[in-house]
1. Of the conditions (1) of a type in the set (A, V, I, L, M); (2) exposed (fewer than 11 other Cβ atoms within 10 Å of the Cβ); (3) at pLDDT below 90, LEU75 satisfies every one except a single condition; which number is it?
2. So, in region 38-69, exactly how many residues are open to solvent by less than 90 Å² (accessible area, probe 1.4 Å) and modelled with pLDDT of 80 or more?
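The values are calculated or read from the model by the stated rules, or taken from the named source; none is laboratory data. This is a predicted model, so every value here is computed, not measured. Glycine also receives a Cβ, built like all others from the backbone with ideal geometry; neighbour counts cover every protein chain displayed. Note: accessible area is taken over every heavy atom of the protein model, side chains too, but ligands, DNA and RNA are not part of it. Shrake-Rupley method; radii C 1.70, N 1.55, O 1.52, S 1.80 Å.
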Amino acid sequence: MPDFPGLDDDILRMALDKWGPHVQMDMLIEEMAELTQALLHARRKQGQEPNTYLTKEVIEELADVIICCRQLELLIIGNDTTKTHSNMVSIHIDEKVKRLYHRIMPIRERR
């Protein structure tokens with residue numbers, strides 16, 4: 001996951017310990033739904049203001065989703081000192097970004 005200032009793994013682990021993984025997974029689901037709703041609201045406003053998708057509501061909900069996703073990542077990684085699970089997530093991200101690149105770039109412009 002990209003490095004975001006303020007995204008403190010120790011605090012996120014404390015939340016996982018306090019409320020448990022099921023509550024935090026439910027929170028992720030709720031936050032993703034709120035981000036979906038914020039994006040739909042922003043789309044309805046399209047054309048009425050500059051940068052319509054970058055509303056305060058969208059930014060706040062995106063931050064919540066990123067925090068919860070990092071908690072899920074920490075939950076998946078757990079105490080894996082070999083970083084096997086973290087590497088697996090990174091490998092899948094890399095594969096998906098490469099696939100996206102190949103979908104958007106014409107063959108002759110690819111590196």
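1. Among (1) of a type in the set (A, V, I, L, M); (2) exposed (fewer than 11 other Cβ atoms within 10 Å of the Cβ); (3) at pLDDT below 90, the lone unmet condition for LEU75 is (2).
2. Filtering region 38-69 for residues open to solvent by less than 90 Å² (accessible area, probe 1.4 Å) gives 38-42, 45, 47, 49, 52, 55, 57-58, 60-69.
Retained after the next criterion (residues that are modelled with pLDDT of 80 or more): 38-42, 55, 57-58, 60-69.
Summing the residues that are open to solvent by less than 90 Å² (accessible area, probe 1.4 Å) and modelled with pLDDT of 80 or more in region 38-69 gives 18.
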